[in-house]
Protein chains: 2
Amino acid sequence: MQPINIGIIGFGTVGAGAVEILLNNKDIIRNRVGADVIIRRIADLDIQTDRGISLDKDLLTTDAMKVINDPDIHIVAELMGGTDKAKAYILAAIQNKKHVVTANKALLAEHGNELYQAAEAYQVSLGFEASVGGGIPVLRALREGLSANRIQSIMGILNGTSNYILTRMTQKGLAYDIAVQEAIDLGYAEDPPTLDVDGTDAAHKLAILISIAFGHPVPFGDIYRQGIDQLIPEDIAFAGEFGYCIKLLALSRDLGDRVEARVHPAMVPTDHIMANVNEAYNAIYMEGDFSGPTLYYGLGAGRKATGSAVVSDMIAIARQIRQGVNTLIPPLAHVRSPEPAVTIQPIDEVNTAYYFRFSAVDKPGVLSKISGILGEQGISIASVIQKGRKLLGSVPIVMLTHEAKGSHVNKALTQLNQLDVLTDKTMVIRVEGGEST
Amino acid sequence: MQPINIGIIGFGTVGAGAVEILLNNKDIIRNRVGADVIIRRIADLDIQTDRGISLDKDLLTTDAMKVINDPDIHIVAELMGGTDKAKAYILAAIQNKKHVVTANKALLAEHGNELYQAAEAYQVSLGFEASVGGGIPVLRALREGLSANRIQSIMGILNGTSNYILTRMTQKGLAYDIAVQEAIDLGYAEDPPTLDVDGTDAAHKLAILISIAFGHPVPFGDIYRQGIDQLIPEDIAFAGEFGYCIKLLALSRDLGDRVEARVHPAMVPTDHIMANVNEAYNAIYMEGDFSGPTLYYGLGAGRKATGSAVVSDMIAIARQIRQGVNTLIPPLAHVRSPEPAVTIQPIDEVNTAYYFRFSAVDKPGVLSKISGILGEQGISIASVIQKGRKLLGSVPIVMLTHEAKGSHVNKALTQLNQLDVLTDKTMVIRVEGGEST
């Protein structure tokens, strides 16, 4: 059997991980493919830095087109990141009838449809397992494992950096800034980690999951995003008293003509399987109409784990090439062409239970004023904690509500924030994953 | 595109689930395959009972050979269970060049190699996703998602019935017998649920996972098995005091020339992701050399979830047929023929930490005698609970040890059980998943 030749564009963290696996696990991969899978060329602007991998220097080039135009290369892996150049390279490779593997979540979330259509038009495979959940084979689970199901909902912890920060705030009571600095010092976060903590990175991955799960691309810009930077350790402690922990969740639900799509901090019952997803781990919880709930958990980032996903795509494509097949499963796992983008339900229309933390003056009658305003909006209170202890100069009043509509909560908050007995903005966190038992 | 025709042998729980999905999600399946997937014939000895599915009566037959010999059928699903007849039917179908899908874990665990070899010889696909973990696409994760990795270890909660029983004992403090009766009453367990609670069912599934993960069949009879029927609620309560819960675990590790393979109750730290796998849920935790730890969670049994796995295999095979491919991935995901069975490490050689519950008379000096014997065998004690309260007429002394060798523990137990200050057999539970934090 002729070897399968790989070309790699981008020799950074993920590229180096993929190269390391292709070299280290060469025998396993040959055994699983039935042919050798060989690195034919690696392009990067920096071909000097030592990546700790022993490699024939002649494989390296600074010219990506030398990968894209090499007639012997079967599979091109775009692992450079960024959107403009990466997109141009992927399209050029597809037009050269190369199969493509990419880990580029921002590119797929924002311009995926163009790439999916090009891959279909040129009848090549496009693998992007590494774009969501790092080493977790969650796209394969959606595209193949749950293929008999209508997917109903998705709940993901999709950003390892923010999950690490929340874990440290939860387990050690650290303040947000301290936990962020620790994550930066340990190399888990960039400095500053803006796209991780503001929900953008998780929203990119959610957009990709939605495309496959529901078969429709979504307008990325319409995904609701709220970050974790306003949380204080006391919110996490109060959540614990109610039987919840706080996670940055990416959520979606199929509503038929629309989808729910949002990323924000949320309270999750401590006995929910998602509650034990800690440190830099990711997890995706998905419900199918027949499978019921399933969950996929693992390392959401890092050279080795992301490399594992990249190489699994190469192996899948190599197995197809060996059988003379170009495209076994279309990019979004649906044989019909991708449909026009589906509309996202406005966040104001989403119903959830809520956690509120009010900062109040220490006077009688405050609770009655707050609950009066909530009652006027039809928001019903499930439980209250008020202990009289001071927090940042005020008395915290903490509430869990029953399910309420986003727009009603916003109306109530506008009125509440005008009350002179409240000394600071009210903290609002949605409750997901059912009630704590 | 010509439709793909399905024949089903066995119209029991799983068969009915698969039929229901093929009918209910017909449009989704057509869309994902690019062709209609049609039920052509269903064989069962009982073709009278109403399965609650509206179906053309002409599809039903009592003669399995009418499925196996139908030249228009592409995929035969063996969903009848049992080993002898099921094996004969599968082999006959393979010899007729039919692709086969099965959910039959006992058959695969005990005679899998014969079936895998037949499928390879006749160049047909053999799908068995439903045999492990019900609706969880864990075999697909191993065969494809983690294909770039050398799998290092497996830790599974593979039997939903025993997990339900343990969950009820843990959350409600129920005695074993009461929890079993409840599981029977709710339809989660057969009466008596012998193969579920004694570890046999989990061992069947472990054998299948090992075959794919390490590429070697294992001698099923050599897998160490210990059931959950000796556990008392107090063991679970003591485990909780140490920061652990008790699960029936199926465990394996690649040792190079041998594998570890064992099923027994084990203590798991409460902050481990496996600790929140409750009720009738299953989960499989696997470590790859590059992916790191990954976990797959969902419903391990039931008509709908198991049906979901069966139909996902049909879809995978149908996608291949559509492209003119017979066998994209061999049964064990390795292109070389299955190798001879690998040896299982004797349980005596396995090292783990341990929980001991001694039933002692209420006299001074008991602890010193016990710890003396443990010390002689080099077993070092990590923590002790002795509270003086009576349990079944004796005083319980509970210990956690550091890692110790199975044979040393057995020697110590032999000596301990001869002590006249111990009034009952000592309860022994291994500790897995690291130390509780």
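The values are calculated or read from the model by the stated rules, or taken from the named source; none is laboratory data. All of these numbers come straight from a predicted model, not from anything done at the bench. We place every Cβ from the backbone using ideal geometry, glycine too, and count neighbours over all the protein chains shown.
Residues of the stretch A:363-383 that are in contact (Cβ under 8 Å) with a residue 12 or more places away in the chain and either surrounded by 14 or more Cβ atoms within 10 Å (Cβ to Cβ) or polar (S, T, N, Q) (or both): A:Val366, A:Leu367, A:Lys369, A:Ile370, A:Ile373, A:Leu374, A:Gln377, A:Ile379, A:Ser380, A:Ile381, A:Ala382, A:Ser383.
Conditions tested, residue by residue: (1) small (Gly, Ala, Ser); (2) closer than 23 Å to B:Tyr285 by Cα.
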residue: B:Leu158; (1), (2): no, yes
residue: B:Thr161; (1), (2): no, yes
residue: B:Ala179; (1), (2): yes, no
residue: B:Ala183; (1), (2): yes, no
residue: B:Gly187; (1), (2): yes, no
residue: B:Gly199; (1), (2): yes, yes
residue: B:Ile212; (1), (2): no, yes
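Please count how many residues of the stretch A:289-332 are under 25 Å from B:Arg32 (Cα atoms) and of a type in the set (Lys, Arg). Total meeting the criteria: 2. Could you say whether any residue in the stretch B:68-84 is surrounded by fewer than 22 Cβ atoms within 10 Å (Cβ to Cβ) and hydroxyl-bearing (Ser, Thr, Tyr)? Looking for residues that are surrounded by fewer than 22 Cβ atoms within 10 Å (Cβ to Cβ) and hydroxyl-bearing (Ser, Thr, Tyr), one finds at least one in the stretch B:68-84, hence yes. Within the stretch A:87-111, the set of residues being of a type in the set (Gly, Ala, Ser), over 15 Å from the mean Cα position of the chain (by Cα) and surrounded by fewer than 24 Cβ atoms within 10 Å (Cβ to Cβ) comprises A:Ala88, A:Ala92. Scanning the stretch B:280-290 turns up no residue that is free of Cβ contacts under 8 Å to residues at least 24 places away in the same chain and within 12 Å of chain A (Cβ to nearest Cβ). For the stretch B:327-340, the criterion of being assigned by TED's automatic domain parsing to the domain that holds B:Asn410, part of a loop (DSSP other than H, G, I, E, B) and either within 30 Å of A:Ser291 (Cβ to Cβ) or free of Cβ contacts under 8 Å to residues at least 40 places away in the same chain (or both) is satisfied by no residue at all. If only residues of the stretch B:252-274 that are touching a Phe, Trp or Tyr at 6+ places or on another chain (Cβ under 8 Å) and among the aliphatic types (A, V, I, L, M) are counted, the one that is nearest to the other protein chains (Cβ to nearest Cβ) is B:Ile273. Checked against the criterion of being over 17 Å from the mean Cα position of the chain (by Cα), of a type in the set (D, E, K, R) and surrounded by 24 or more Cβ atoms within 10 Å (Cβ to Cβ), the candidates A:Glu129, A:Glu144, A:Glu114, A:Glu120 yield just one match: A:Glu144. Just one of the listed residues (B:Ala412, B:Ala341, B:Ala360) is buried (at least 19 other Cβ atoms within 10 Å of the Cβ), at negative phi and at pLDDT below 95, and it is B:Ala360. Residue count for the stretch A:126-179 satisfying the condition of being more than 17 Å from A:Lys105 (Cα to Cα) and not in a helix (DSSP H, G or I): 13.
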